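First up is the structure itself, then whatever we jot down about it.
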Amino acid sequence: MSRNPPRPNCPPDPFASLLLVADFDDLIAANRDFAADFVGGDFDGVAHAGVAVVTCMDSRIDPFRMLGLAHGDAKIFRNPGGRVTLEALEALVLGVHLLGVERILVIPHTRCAMAQYTEAELRERVAASAGVDASWQQFHVIEDQVASLEEDVRKVSSHPLIPQRVRVGGFLYDVDSGLIHRRF
Ligand SMILES: [Zn+2]
């Protein structure tokens with residue numbers, strides 16, 4: 001049996017492709033500039049500085065620059081709040097065993113929305129923006145950021161597939177000063 005059932009015979013929508021292009025025009029143009037002098041074609045994907053970072057998706061955080069790292073130096077895993085989730089652990093295990101990671105930094109940050117609001121408040125705000133019910137959407141809010149960081153660092157350092165030789169640190173990034181402060 002074919003995995004791709006035949007599609008209904010719809011005429012192409014001439015505006016659909018225009019919209020698709022226009023939506024991302026600026027970014028595609030920037031990518032063309034980026035690719036014009038691209039030299040990373042033979043890059044191996046290993047973390048060249050042996051570093052992995054778990055941090056928040058917050059756009060105030062530039063994980064490479066804030067640690068003096070360059071493109072290719074580190075594995076970066078980001079999510080709301082910078083939490084060590086199952087997916088983060090999966091990434092770290094791969095990073096350690098296959099991609100040269102020797103040091104892991106878990107870096108949540110000050111003034112993080114995930115630590116400022118309750119789940120009910122986030123659902124309310126999202127529902128107001130979406131105009132539909134959002135009560136079913138899970139948001140992993142952080143009640144105590146320092147306690148969560150300690151728990152996250154422990155999750156990494158006690159993971160059976162993360163060897164003892166790998167150094168694990170828990171830091172808080174101050175979005176106002178740009179400094180990271182080690183907590184664990
Ligand atoms: Zn955040």
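Rule-based calculations on the coordinates, nothing more; no lab input. Here the structure is a predicted model, which means the values were calculated and not measured. Here the Cβ positions follow ideal geometry from the backbone for every residue, glycine too, while neighbour counts run over all protein chains shown.
When the Kirkwood hydrodynamic radius is evaluated over all pairs of different C-alpha atoms of the chain, what value in angstrom, to one decimal, is obtained?
Working: mean 1/r = 0.0514 Å⁻¹.
Mean inverse Cα-Cα distance, inverted, gives 19.5 Å.
Against the main long axis of the alpha-carbon atoms of the chain, helix 14-36 sits at an angle near 40°. Please report the antiparallel percentage of DSSP beta bridges with both residues in the chain, rounded to the nearest 5. Just about 15 percent of them are antiparallel. Relative to the dominant Cα principal axis of the chain, helix 86-98 is inclined by about 80°.
Here His140, His109, His48, His71 are placed in order of increasing Cβ neighbour count within 10 Å, fewest first, which gives His71, His140, His48, His109. Helix 145-157 and the longest principal axis of the C-alpha atoms of the chain enclose an angle of approximately 90°. Among Gly131, Gly68, Gly45, the largest mean-square fluctuation in a Gaussian network model of the chain (Cα springs under 10 Å) belongs to Gly131.
Give me the dipole magnitude in Debye, nearest 20, for the chain about the Cα centre, with unit charges on the beta carbon: positive for Lys and Arg, negative for Asp and Glu. Could you put the intermediate results ahead of the total?
Details: 18 positive and 25 negative charges, 118 e Å.
Approximately 560 debye in magnitude.
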